[in-house]
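A quick write-up on the structure given underneath.
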Protein chains: 2
Amino acid sequence: MSKETPAATGSVGIVSPRLQRFDEPLELACGRVLPAWELIYETYGTLNRERSNAVLICHALSGNHHAAGFHSSTDRKPGWWDNCIGPGKPIDTRRFFVVALNNLGGCAGSTGPRSVDPATGRIRGPEFPQVRVRDWVATQRRLADVLGIGCWAAVIGGSLGGMQAMRWAIDHPERVRHCLVIAAAMRLSAQNLAFNEIARKAIMADPQFHDGWFLEHGTLPRQGLAIARMIGHVTYLSDELMGDKFGRELRSGSFASGGEAEAEFQVQSYLRYQGDQFADNFDANTYLLMTRALDYFDLARDHGDDPVAAFRQARCRFLVMAFSSDWRFAPQRSREIVDALVGARREVAYVEIEANEGHDAFLLPITRYHDALRRYLERVVPAASSTRGADAP
Amino acid sequence: MSKETPAATGSVGIVSPRLQRFDEPLELACGRVLPAWELIYETYGTLNRERSNAVLICHALSGNHHAAGFHSSTDRKPGWWDNCIGPGKPIDTRRFFVVALNNLGGCAGSTGPRSVDPATGRIRGPEFPQVRVRDWVATQRRLADVLGIGCWAAVIGGSLGGMQAMRWAIDHPERVRHCLVIAAAMRLSAQNLAFNEIARKAIMADPQFHDGWFLEHGTLPRQGLAIARMIGHVTYLSDELMGDKFGRELRSGSFASGGEAEAEFQVQSYLRYQGDQFADNFDANTYLLMTRALDYFDLARDHGDDPVAAFRQARCRFLVMAFSSDWRFAPQRSREIVDALVGARREVAYVEIEANEGHDAFLLPITRYHDALRRYLERVVPAASSTRGADAP
């Protein structure tokens with residue numbers, strides 16, 4: 001929603017992604033091994049001498065490494081969280097060194113279904129292994145090693161990104177000082193699982209999907225991917241917001257008797273546009289992989305299904321945030337996280353934001369939300385001490 | 001949910017549908033004319049001498065004329081509302097003469113996309129005109145004429161059926177004594193419109209759809225229809241019910257490291273089954289038509305968008321019912337109906353049922369729901385007077 005241009009105050013300006021190659025084999029949770037792999041990432045701000053001001057941004061389903069700034073002076077669209085990351089913004093790049101990456105299995109430049117398998121010379125496509133949230137955290141840890149970041153000042157993520165942040169806190173307690181979990185859940189509900197399954201089925205039913213080998217067939221499963229995105233999109237918005245935004249306005253056609261053209265509602269044409277845009281720019285295999293990673297995530301599974309036991313592994317402080325109209329990851333799911341953290345005697349702040357934008361609210365510059373984020377983060381690394389270490393728990 | 005067999009107490013027993021042909025031309029709201037058309041219907045109970053005990057059942061999206069009883073002694077599945085219609089049941093066939101039909105444009109025997117156009121000898125398919133709720137009411141009125149029913153004791157419908165019941169009360173105030181509107185709304189919300197659009201897009205994207213000429217191609221758009229049904233199904237259930245029923249139980253595969261098989265959740269396999277079953281038995285063109293009829297329905301549109309003005313046309317009494325966990329037609333939508341009725345100084349009773357079954361609750365034998373229906377209907381035609389006229393407003 002930011003309308004800033006590269007020149008505007010508060011922008012990190014022109015940024016360039018970097019590609020990091022890892023030649024050590026990576027054993028995935030599914031048991032398969034990637035002998036070598038790459039992660040694409042961007043950084044904003046400066047790492048201080050003590051290396052204590054680094055913040056990791058974990059992305060959600062369709063996110064990527066381009067979280068803030070612009071790729072060129074003619075680039076009109078900034079990174080996906082530009083309203084929140086930059087000088088003077090809640091994640092203040094005058095204070096923090098911000099790292100954002102494209103997760104393994106993504107389609108924005110990290111190794112994934114669109115990359116070539118050197119062993120075969122073939123695009124990996126559907127043969128790319130199913131990665132899990134814990135795999136992402138493992139690869140993010142290796143990136144931290146390369147960048148010389150022993151401990152993140154904060155790991156921050158919304159939605160699926162919040163799941164990664166929680167996994168970081170549990171799997172690497174010594175490497176996270178603050179964990180910011182926004183509009184997330186400890187695991188999906190049956191309804192969430194159902195919507196993901198329908199989205200996948202829509203993709204796989206598209207005859208252009210070719211069992212995932214669409215690139216080899218020189219095509220894309222556009223229609224299936226568009227339907228998947230439309231399903232996702234409806235569940236990211238609230239009924240109320242859609243009502244305010246579109247109501248029952250017609251875009252074309254009419255209800256008049258004898259009208260030849262079918263009436264089409266604004267909301268329907270908007271959704272179709274969103275679906276089509278997405279279908280041209282996102283990889284269908286990555287979409288399948290990301291939704292399965294969401295499905296499989298279950299914070300407490302390895303801890304006897306006891307989230308309190310899971311969070312006892314953590315050492316960091318937590319900020320948990322939820323949005324009132326989010327029905328995909330409802331505030332109740334965040335309150336369950338808070339309850340488990342309290343049970344595990346961890347330090348936790350909980351902020352529930354009144355907002356009618358649904359799940360998508362976490363991406364929007366809502367005043368109370370950004371104020372809360374800003375104030376919490378001011379405590380993490382005070383402005384004056386951004387070149388000193390600060391506030392270790 | 002009824003497990004009764006034809007012999008059990010409370011069943012209307014073996015019933016046979018009847019086909020009624022209409023040779024008078026029907027001008028539809030869209031302006032097109034059907035020169036002749038047929039409706040398939042069933043009746044349960046006996047019409048009294050005064051013809052004052054007739055009840056019309058209006059079906060929802062995927063319903064039909066077979067609302068109660070069995071078609072043969074070996075038939076294992078009763079009609080879709082068998083738990084509510086029968087001797088001693090809320091819609092008591094010892095008292096009422098119940099009429100249930102398949103709406104025009106349906107695929108269960110009434111004229112619709114699956115029937116042959118005598119003018120061309122060809123299956124009508126996608127050329128069947130888009131009918132509207134008002135068209136259904138107009139055709140139901142002609143059926144009432146044929147059956148000699150001058151005034152319905154009650155018109156009853158859930159969901160899309162409730163929209164027909166309201167339209168009856170407004171378009172033919174002299175022919176309805178009681179209007180029972182269950183889990184309905186005066187018009188769809190933007191979110192409802194969005195889900196319908198996605199469902200239609202899934203059907204139309206299926207290569208077996210052939211622009212609606214699938215029968216001529218000897219095929220069915222099974223995958224698209226299955227996806228459409230899955231979307232519908234998720235929105236008919238509540239998150240809570242799905243959680244209770246399925247949780248995150250796996251049906252196959254495992255989360256164990258190195259597991260080869262993809263984990264599949266129970267809820268996903270259940271949905272897939274529901275979708276596949278539906279796709280074998282329902283017509284895709286009818287599905288498109290029914291969802292568009294839902295989209296276009298807007299009770300107050302012809303009355304300056306003022307539902308109070310709309311309901312001032314009505315003369316009957318109203319019972320409005322809603323279910324707490326229904327998020328497709330939330331209780332708020334029913335309360336809006338009640339508010340408009342109160343504004344129009346109509347007599348209305350409102351019953352909100354605590355139930356966690358979501359929108360589908362209206363089809364289930366929930367005690368408080370059935371008790372309320374039963375008590376309301378006892379007032380409509382008292383038992384002793386089922387052969388006399390009673391309770392005219």
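Where a number appears in this text, it was derived from the coordinates with a stated rule and is not lab data. Computed from a predicted structure; not experimentally measured. Positions of Cβ are generated from backbone atoms using ideal geometry, with glycine treated the same way; all protein chains shown enter the neighbour counts.
List of remarks:
- Taking every alpha-carbon pair under 8 Å whose residues sit at least 6 apart, chain A reaches a relative contact order of 18 percent.
- Between B:Arg142 and B:His210, the contour length at 0.36 nm per residue exceeds the Cα-Cα span by 21.0 nm.
- For B:Thr93, net neighbour charge (Lys/Arg +1, Asp/Glu -1) across residues whose Cβ lies under 12 Å away: 0
- Under a 5 Å amide H cut-off, with hydrogens placed 1.01 Å from N, B:Phe318 pairs with B:Cys179, B:Glu347, B:Val348, B:Ala349 among residues at least 5 apart or on other chains.
- Expected-Rg normalisation [2.2 N^0.38 Å, Cα atoms] applied to the stretch B:1-117: 1.15
- R0 of 51 Å, Cβ-Cβ distance A:Leu250-A:Ser72: FRET efficiency to nearest 0.05: 0.85
- Order of B:Asp305, B:Asp239 - criterion: other Cβ atoms within 10 Å of each residue's Cβ, fewest first: B:Asp305, B:Asp239
- Sum of side-chain charges, B:Glu197 neighbourhood, beta-carbon under 12 Å (Lys, Arg +1; Asp, Glu -1): +2
- Within a Gaussian network of chain B (alpha carbon springs, distance under 10 Å), most fluctuating of B:Pro126, B:Pro35, B:Pro90: B:Pro35
- Taking amide hydrogens as placed 1.01 Å from N in the peptide plane, the amide H of B:Ala60 sits under 5 Å from those of B:Gly161, each at least 5 positions away in sequence or on another chain.
- Simple point charges give the picture: +1 on the Cβ of Lys and Arg, -1 on the Cβ of Asp and Glu, and for chain B a dipole about the Cα centre of about 1160 debye.
- Computed over the stretch A:195-291, relative contact order equals 30 percent, with contacts defined as Cα pairs under 8 Å that lie 6+ residues apart.
- Inter-copy label distances at A:Val342 (7 Å, Cα→Cβ; nm, one decimal): 3.7
- Inter-chain shielding of A:230-239 (mean C-beta neighbours from other protein chains, 10 Å cut-off): 5
- For A:Asn281, the point set 7 Å out from Cα toward Cβ sits 4.3 nm from its twins in the other copies, listed from shortest up.
- Choice from B:Pro118, B:Pro129, B:Pro331 with maximal GNM fluctuation in chain B (Cα, 10 Å cutoff): B:Pro118
- With R₀ fixed at 51 Å, the C-beta to C-beta distance from B:Ile14 to B:Ser269 puts the FRET efficiency at about 0.90.
- Between B:Gly161, B:Gly232, B:Gly121, the Gaussian network model of chain B with springs among Cα atoms under 10 angstrom shows the greatest mean-square fluctuation at B:Gly121.
- Applying a DSSP loop filter and a limit of 11 other Cβ atoms within 10 Å to the trypsin sites (Lys or Arg not before Pro) in the stretch A:55-98 leaves A:Arg76.
- Length gained when the stretch B:Val308-B:Ala119 is fully extended (0.36 nm per residue, less Cα-Cα span): 63.7 nm
- When chain B is reduced to its Cα atoms, the Kirkwood hydrodynamic radius in Å: 21.7
- Listed from fewest to most Cβ neighbours within 10 Å, the set A:Ser254, B:Ser11 follows the order A:Ser254, B:Ser11.
- Relative to the other identical copies, A:Ile14 shows label-point distances of 8.5 nm, where the label point lies 7 Å from Cα along the Cβ direction and values run shortest first.
- Gyration tensor (alpha-carbon) shape descriptor, the stretch A:72-171, a/c threshold 1.5: oblate
- Point-charge dipole on Cβ atoms (K/R +1, D/E -1) for the protein assembly as shown, about Cα centre, debye to 20: 1020
- Magnitude of the charge dipole, the stretch B:195-291, Cβ model with Lys/Arg +1 and Asp/Glu -1, debye to 20: 80
- The slack in the chain from A:Glu347 to A:Asp276, taken as 0.36 nm per residue of separation less the alpha-carbon distance, amounts to 21.2 nm.
- Each Lys or Arg adds one and each Asp or Glu takes one away; over the other residues whose Cβ falls under 14 Å from the Cβ of A:Tyr287, this sums to +1.
- A:Ser115, A:Ser72, A:Ser110 arranged by Cβ crowding within 10 Å, fewest neighbours leading: A:Ser72, A:Ser115, A:Ser110
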